[in-house]
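Read through the structure below, which is laid out as structure tokens, and then see the notes.
The values are calculated or read from the model by the stated rules, or taken from the named source; none is laboratory data. Given the structure is predicted, the values throughout are model-derived calculations rather than measurements. A quick note on method: Cβ atoms are made from the backbone with ideal geometry, for glycine too, and the neighbour counts reach across all protein chains shown. To get the accessible areas, we keep the full protein, side chains included, count just its heavy atoms, and leave off ligands, DNA and RNA. Shrake-Rupley method; radii C 1.70, N 1.55, O 1.52, S 1.80 Å.
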Amino acid sequence: MALKYSLLISMLTGVGFIYTLIQLPFAVYHVSTEKRWIRNGCLPEFDFYGDKVISFLLASGVGVGFGVTFELKRYFDVVSVVAVALGANAAEVDEERSKASHFLDRENIATGILLVGFVTMAITSILTSIMKSASTKGGGGFFR
């Protein structure tokens, strides 16, 4: 079940990539001209809620990634003990277990990168929340 959820989160993270690609030209225009491309207030609202959704998806992906890795490592440990008990060659079983462990260590590294992505997206989400509250109060930004 966790593996299916992990695959679902992987696909939804692709949606986050598409969200970023859509948002990029608007951000470049805003930075270069100091004006919004769409001036009706829709784009800041889209940024606000989009950042929240993407950060929750990334957080969920981090939890699933570490959880699935832990479960699979434990599974391979049990399978290797059972295989040796059933008469399999211990050296071959240890070699296969070592390969599986190495692969799962790489998965942990990838999940760690996803964790960094979540942290940066959470910071972005906090910053858009501050900007949203400052613009509704008439403050105009962070340091004004």
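Some observations on this one:
- One quarter of the convex hull surface built on the alpha carbon atoms of region 1-43 amounts to 3.7 nm², the projected area averaged over directions.
- Using a probe of 1.4 Å on the protein chains alone, the accessible area found for Y75 is around 130 Å².
- Exposure rank, largest accessible area first [T120, T111; 1.4 Å]: T120, T111
- Max mean-square fluctuation residue, GNM over the chain, Cα-Cα springs under 10 Å, options R39, R74, R106: R39
- Carbon plus sulfur fraction of accessible area for the chain, probe 1.4 Å, in percent: 71 percent
- Residue of G117, G87, G16 that the Gaussian network model of the chain assigns the largest fluctuation, springs spanning Cα pairs under 10 Å: G87
- Fluctuation leader among L127, L86, L104 - the chain, Gaussian network, Cα springs under 10 angstrom: L86
- Check: region 1-138 dipole with +1 on Lys, Arg Cβ and -1 on Asp, Glu Cβ, in debye: 740 debye
- Over all other residues within a Cβ to Cβ distance under 15 Å of V84, the charged ones net out to -4, with Lys and Arg as +1 and Asp and Glu as -1.
- Contour excess over end-to-end distance, with Cα ends at F56 and I109 and 0.36 nm allotted per residue: 17.1 nm
- The calculated FRET efficiency for I38 paired with F17, based on their beta-carbon distance and R0 = 22 Å, is about 0.50.
- Label-point separation in nm, F26 to A85, each point 7 Å along Cα→Cβ: 5.8 nm
- Counting lysine pairs in the chain whose alpha carbons fall under 30 angstrom apart, excluding pairs fewer than 8 residues apart on the same chain, gives 9.
- For the chain, the equivalent ellipsoid derived from the alpha-carbon gyration tensor has semi-axes of 46, 13, 12 Å in decreasing order.
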